[in-house]
Each structure stands twice: as structure tokens, then as C-alpha cells.
1. When the range 601-622 is examined, which residues are found to be assigned to a helix (DSSP H, G or I) and at pLDDT below 75?
2. Take the residues of the range 304-318 that are surrounded by fewer than 17 Cβ atoms within 10 Å (Cβ to Cβ) and among the aliphatic types (A, V, I, L, M): which is nearest to T225 (Cα to Cα)?
3. Enumerate the pairs (first residue in the range 291-303 and crowded, with 17+ Cβ neighbours inside 10 Å and among the aromatic types (F, W, Y); second residue anywhere and assigned to a helix (DSSP H, G or I) and at pLDDT below 85) with beta-carbon separation below 9 Å, excluding pairs fewer than 6 apart on the same chain, so at least 6 apart or on different chains.
4. If you scan the range 188-202, which residues turn out to be buried (at least 18 other Cβ atoms within 10 Å of the Cβ) and over 16 Å from N246 (Cα atoms)?
5. Looking only at the range 472-512, how many residues end up being surrounded by 17 or more Cβ atoms within 10 Å (Cβ to Cβ), at pLDDT below 85 and closer than 30 Å to Q426 by Cβ?
6. When you go through K191, K128, K163 one by one, which is the residue that is closer than 30 Å to E238 by Cα, in contact (Cβ under 8 Å) with a residue 24 or more places away in the chain and assigned to a helix (DSSP H, G or I)?
7. Return the residue satisfying two criteria in turn: it lies in the range 587-611 and is without any contact (Cβ under 8 Å) to a residue 40 or more places away in the chain and among the hydrophobic types (A, V, I, L, M, F, W, C), and of such residues it is surrounded by the most Cβ atoms within 10 Å (Cβ to Cβ).
8. Picking from S357, S321, which residue would you name as being of a type in the set (S, T, Y) and either surrounded by fewer than 16 Cβ atoms within 10 Å (Cβ to Cβ) or touching an Asp or Glu at 6+ places or on another chain (Cβ under 8 Å) (or both)?
Amino acid sequence: MATEKTNIPVPEEQVGHAEDVNNASATTQANEVAASDNDETEKVAETVDFGEEDAVLAASQPDLDMGEETEEELAQAECHDEDTDKTIADIARLDRQQLVELFASLLHTKPVQQIRREAEAIKVAFYKLHRADYEQKKREFIENGGNTEDFAPQPDEYEAKLKELFAEYRRRRTEYIASIEKEKEENLKTKLQIIEELKELVNGNETMNTTFNTFRELQQRWRDTGIVPQANIKELWETYNLHVENFYNYIKINKELRDLDLKRNYETKLQLCEAAEALVLEPSIVTAFRKLQELHEQWRETGPVANEYKEVLWDRFKEASTRINKQHQEYFEKLKEEQKHNLELKTELCVKVEELSSEILTTRKEWNKASDRLIEIQKVWKTIGFAPQKDNTKIYERFRAACDKFFDQKREFYEQLKSEMDNNLQLKTEICKQAEALQDSEQWKKTTDELISLQKRWKEIGPVSRRHSDAIWKRFRAACDRFFERKAAHFSGIDAQHEENLRAKLALLEEIEAADVAAGGFEMIKDFQRRWNEIGFVPIKQKDEIQKRYKTAVDNMFAILRGGERERSMNRFRAKVSDMKNNGAGRLRFERDKLYNKVRQLESDIATLENNIGFFSRSKNAENMIREVEAKIAKAKQEMADTIEKIKLIDLQQEEGDK
């Protein structure tokens, strides 16, 4: 007789197993929710590319809701097949049109439940490019004289198409999920029917072999039937297992056939125990936990074993399950600790950015230096993982707000600087007009003084924008050069002394070129320079040639002396770099940054010295000053070359260290 389940207890083995599986299922669901939350947090974090400073200003991307992940989508995310990983890696290199076309292609070529990762990556990559394009157009609008409040971007056809595709994506996912739920309901009906057939099986009049074959067929149908709604799982399994036990306990089946079935069940459960124990070696804790749930499903679908093996097998299987569950729990506890530590690190970065945005910066050099520091902080931010889900969005918004404040202040500074440079351009234009009015004057002394006064005023005025800097300087320089060239030509008739000076300088050049500078040292060079400077002007036609020959001779002497000293200096630096490398990569990076800043400063000094040469008048004293400045320029260029070589040496050491 078939009995109702209300008054007959479930066997101890099945009760213990059902509770364990239900607990595991609850844990799985909780982990899936946590994973989904972290996934949403990651989407917020990836809307900003901290590699470019202005991109921090980007607003959150429109809400293209992905919906909650289905079981199949979670499984796809767990698998990380190579084709999907390659597609996601390629997405970052596509433009907006290509991203839209790729998404359309995915919708038409792959099942909707298998493209969630690609869809998420496309959404993040698209709005990163979309926001960068928005900021670029906004900057161009402001630079062309527009007001920030008046800026209204044109509609983006690609964004409209992307939204249409996401609407189609959500529609198809909704249909897919609805079909799954419908299938679960159908599976529930099928399994309830199987249970009814099990109830009637023990009341049939068939032969024992026929009854047992029917029982096996029902078991196979049960295994072949898919999942049912979550709310019905426990009760359904309890009812099914009850009637399976009833079949074994109440049907008059011959002992040989029963023993054969019990033996087969024993072998199956023994294999399940071994599989559960092998999961301890699985590298991925999450994968091991998921596989354990599959083993529990198989255990429940396997019939009973002989009483003498029941407890032993179940204890062995339960012990392996406990170890995996413990590892799973420890994994997520460790993950929580890491997220808590990440929150502390991100809080420190927020404090640094907030302090940086509170500093008072007054020069472009200070702003550029501060911007470099902020970009480095942003790079560090990107290397830190998620904070706890409840804090992740808050700490991200705090960091983003601090970055926004910094770049807003920087923009205001450069807008004010632009206004000042426009005013400087007007002032320098007026000076150019005055110099051009004097360039044809023949009042040599008076005009010389006036032009020198204009040159002093020029230097007192601040910089102009780069696109006007060269043109306005060349205009002023041309007016000054024209006057001083005319003045020099006027006094060129006084040639006798110049010819004598030429002979003296030629004789001195021969002495310089024959001198043993290695024996005389730098003092010999200084003496030659002093004697050269004491000799006056030479004829204008020979001036460049004689000066070039002199410069070459002096440079050769300096090169001879500095060659040995330079090599000794580089050897000392190589030893210093080796020591710094042994003490950590941070020392090398610090030394490289210091040398790089020195190169930038030398470049600025050389440009200033070269500009200053044009301000000297054509006189004996001026020629001496010009030569001194030229010597300083040569020295600075050599020092810059040595510094660049040191930077290359550090880079070589770092490359060897990376290998």
C-alpha cells in the first residue's frame, strides 16, 4: 500500500543530506547576490579613466540596466572561455561605431544568456569614449569664446543606437527568463506525476522484474527532468525520497536483484565520496563549492545502500563537504578583510587628493607638478580592488569629488592665465609698433637708449600664448636687429683698428691651437679667454669666421679636459645607481625624477640665455657679454647631455631589474 508522507519519517541519511544541501544552496544564493553587488560596483568604478586628468569630470553613464544575472549567466562568467576573454580584451581598442556594431553582431549570433560580460564591457568602453568626446567638444567651445552654461552638445547617433540595442537585449533576456520559469513549472508537473506513478508502483500486479524495470525508468525520467522552482525543491525531494524508500521497503522484490541494486548504489556513492575529497585540490574555491553542490545533487539521486555502509559512506561524504564549505567560508571572510583593507587604502588616497586640492598654486609649474602627483594617485587607485559593497560607491564618489574640485580649480587658473596672456600680447604688440617706428632712425645714441628701454619693458611683461609667442618675438627682434645692423654699418668705416685686432686674434688662435691643454689645464683656457676678450672688434666680414674658429678651438680644449673628468663622473654615477638598485626600485625612480626635472630646467635656462643674446647692443663690452652667455649655453647643453645619459643608465638598470 502507498502511504502519505505526513506520518512516515524520512530516513536519517536523507534528512541529514537535505539539510546540508539546503544550507549550501542558501550560501550559494547569498554569494551570487554579493557577486552581483560587486559587479554593479565595478560598473560604477569603470566609468572613469584616471589615466587622463579631465576624464575624472565624467558624469555617470546612463542607466542601461543589465538586470539580475541568471544561473546560466553566472556559469558563463565563472567559466571565462578564451573567445569571450579575447573579445573583451579587444573591446577597449574599438571606437564607438565599432562598439555598437559589435554589440549588434553579438545579439544576432549568440544566445542572449551568453553575452552579459561582453555587453557590460561594451557599455563601459562606449561611455568612456562618449564622455571624452563630450569634454573635448566642450573645451573647444570654451576656447572659441563660448560660455560653459551655453554649451549644448549635438545628439549622438551612436548612443541612440546603443540604447536601442540594450532595449532589445533586455527584452530578449526577459523572454529568456520567462521561458526558464515556464520550463521550471513544467518540470515540477512532470516530477509530481513521477511521484504519483511511484506511489502506484508498489500496488501493481506486474512481475518483479517488470516492476523493478519500471522503477528504474521512473528514476531515469526524474534525473532527466530539469530544475524546478526554488520554493518547491525541498518538499519535492522529501516526497520523492519517501516513495523511493517505500518501494525498497514494501515491494516484494527478490533479494538477489535488491542486493545488486544496493551494490550499484554503493559503488556510485563511493565514487561521489572520492570526487568530493578530490575537490580539496581544486585551485578555485568558488568552483570547488559549485562542483560540491553538483555532487550533492547526484548523491540525492542515488538510491540507498546496505545498512552496514549507510552511515560510513554518509559520514565520509559529509566530512569532505564540511572541508569544502569551511574553505568556502574562509575564502569569503578573507575577501571581506581584503575589501576592508582596500577601503582604508582608498580613504588615504582621498585624503591626499583633498589636501592637494586645498593647496594654493600660483604658477603653471606648480599646477603641472600637482597634476602629475594627482595622476599618480589615480593610477594607484586603479590598482586597488573593491571596498565593501556598502562603502564602495561612497568612497568612489568622495575620490571623484576631490578630483573634480582639483581640476575645476586648475581650469579656473588657466582661464585667468589666458586672460593675462591676452593682455600681455596687447602690451607686446604696442612695444613692437614703437620699435618699428625707431628702426630707421639715425639718432644712434638716443634710439639705442630707447630700444634698450623697450627691451627692458618687454622682459617685464609676462608670457603670451604659445601660438603667438614666436611670431610676436620675431617681430620685435626684427625691428631691433634692423636698427643695430644699420648702426653697425654706419660705424664700419673705422677699419684700421679692426684689421690690427684681426691679426692679433689670428696669432692668438694659432697659439691656442698649438697649446698642450692637458698640461696647462683650465687655467690655461681662462688665460686664453682673457687675452681674446681684451682684443677689440675685427672687420665685420671676418667676424663670424674668426669667432667660429675661436669657439671650435676653445671647445676642443674643454672637450679634452672634460673627457677624462666626465668618464670619472659617469663611473661614480654607475656605482651610485647600482647601490640604489640594491636598495629598491623606489630610489631609482626618485633619482630619475630628479634628473628629469634637471633636464627640464636646463632646457628652460638655455632658451632664456639664447633669447637674451638678442638684447645686447653692438659694442666691445656687448661682445664680451655675448661670448660669456654663449659659453654658459655650451656648458648647459653639455650638462643636459650628461644628465640625459644618466637617465638612460637608470632606465637600463630598471629594464634589467624587470627581467
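1. K620, N621, A622
2. Filtering first and then ranking leaves A306.
3. Final answer for the pair search is W299/H17; W299/V21.
4. L188, K191, listed by residue number.
5. Summing the residues that are surrounded by 17 or more Cβ atoms within 10 Å (Cβ to Cβ), at pLDDT below 85 and closer than 30 Å to Q426 by Cβ in the range 472-512 gives 1.
6. Step by step, each of K191, K128, K163 is checked, and only K191 is closer than 30 Å to E238 by Cα, in contact (Cβ under 8 Å) with a residue 24 or more places away in the chain and assigned to a helix (DSSP H, G or I).
7. I606
8. On inspection, the qualifying residue turns out to be S321.
The values are calculated or read from the model by the stated rules, or taken from the named source; none is laboratory data. The structure presented is a predicted model; accordingly, all values stated were derived computationally and were not measured. Cβ: placed from backbone, ideal geometry, glycine included. Neighbour counts: every protein chain shown.
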